[in-house]
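Notes to accompany the following structure.
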């Protein structure tokens, strides 16, 4: 019986190390394989780049859009937007639904209102909130579709 030697490749060495780690129960994390996520050749499609540069967001629009997404990065505010996408609600209702204090919900609603994501109306001694417009509802639906797929 002859001992066949495996060719010395990275894959074989890593496999050998993995075997040793398992046999001797060593706490060791294998390095991740390198991923090459940049072009290996530097080349620009000038026609495509020029067309997109011409249609690019103005700095002011980019800032406003990123601020909108930033505000929605808070889970409590996202839940408030979701609740309001279902129905107009008063502050007390929202606080009860989320299990938060009225004060905490009011603070979040103020932030959402300042970003023009929600609006309110006062009826006697109650303040009712709703989404500012249909775009906010669409933004929420698209975001949910993305995370649920």
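The values are calculated or read from the model by the stated rules, or taken from the named source; none is laboratory data. If you're wondering where the values come from, they're calculated on a predicted model, not measured in any experiment. FYI the Cβ positions are ideal-geometry reconstructions off the backbone, even for glycines, and counts take in every protein chain you see.
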Based on what the data block shows, is residue 104 more than 17 Å from residue 70 (Cα to Cα), at pLDDT 95 or above, touching a helix residue (DSSP H, G or I) at 6+ places or on another chain (Cβ under 7 Å) and assigned to a helix (DSSP H, G or I)? no
With 94, 136 as the choices, which residue is at pLDDT 95 or above and closer than 17 Å to residue 72 by Cβ? 94
Find the residue count for segment 1-38, including only residues that are modelled with pLDDT of 70 or more and part of a helix (DSSP H, G or I). 13
Spot the failing condition for residue 55; the list is (1) more than 28 Å from residue 144 (Cβ to Cβ); (2) at pLDDT 75 or above, and only one is missed. (1)
Which numbered condition trips up residue 122, out of (1) loosely packed, with under 12 Cβ neighbours inside 10 Å; (2) assigned to a helix (DSSP H, G or I)? (2)
Restricting attention to segment 82-93, the residues that are in contact with a strand residue (DSSP E or B) (Cβ under 7 Å, 6 or more places away or on another chain), over 12 Å from residue 126 (Cβ atoms) and either surrounded by fewer than 16 Cβ atoms within 10 Å (Cβ to Cβ) or without any contact (Cβ under 8 Å) to a residue 40 or more places away in the chain (or both) number exactly 1
